[in-house]
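Below is one structure, written out as structure tokens; the observations come after it.
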């Protein structure tokens with residue numbers, strides 16, 4: 001029998017989290033993706049309302065004051081957060097929701113919904129590999145890459161509090177491991193586990 005869950009995937013930047021999340025959503029169309037709100041600039045390939053809700057800083061701060069966010073944090077001079085209304089709607093309708101958020105946000109979701117939350121942490125094979133991935137994706141400046149790497153020790157420490165930890169040393173393998181966790185959590189049948 002399927003169970004409604006809040007499935008939260010977190011990782012340091014460059015660990016392949018977004019790629020894993022997209023494949024899990026492809027394999028599990030029954031899951032609703034939790035679209036985060038952010039004040040950072042929209043990237044060329046991103047769609048408002050699908051990848052993020054892109055908000056002005058003033059709008060975001062008003063939502064904080066009104067208690068409309070399950071979790072929020074300021075990262076790299078921008079705000080990120082999860083709209084409470086989205087989570088409540090999913091749980092009321094019996095729909096499982098998949099989150100792609102940072103580690104502190106993940107722990108906040110579990111604090112707010114302890115019986116409904118499953119936390120999955122994606123780890124890099126090493127810090128050297130992580131730096132290489134960040135440099136090769138060419139989406140951030142050297143300064144931003146340095147800021148992201150400065151956060152990694154804290155993220156790895158918080159990751160120890162998660163229910164599951166998956167090392168992404170091979171993408172297919174990591175996806176299949178996360179897929180197995182998701183299937184067990186929500187009680188769905190086995191889905192395709194090979195190929196991307």
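Quick note: the coordinates plus some simple rules give every number you see, no bench work behind them. Note that this is a predicted model, so its numbers are computed, not measured.
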Item to check | the chain, helix-only ellipticity at 222 nm - DSSP H runs n ≥ 4, -39,500 (n - 2.57), divided by all residues, nearest 500 | outcome: -13500 deg cm²/dmol
Checklist outcome for this item: The Rg/Rh figure for segment 91-132, Cα atoms and Kirkwood Rh, to two decimals is 1.12
Checklist outcome for this item: Quick note, the chain: a/c under 1.5 would make it rounded; otherwise a/b > b/c is prolate and the rest oblate (a ≥ b ≥ c, C-alpha gyration tensor); here it is oblate
Checklist outcome for this item: Here the percent of antiparallel bridges among DSSP beta bridges lying wholly in the chain, to the nearest 5, is 30
Checklist entry - Of the residues 82, 19, 95, which exhibits the maximal mean-square fluctuation in a Gaussian network model of the chain defined by a 10 Å Cα contact cut-off? => result 19
Item to check | GNM flexibility winner over the chain from 87, 144, 182 (Cα, springs under 10 Å) | outcome: 144
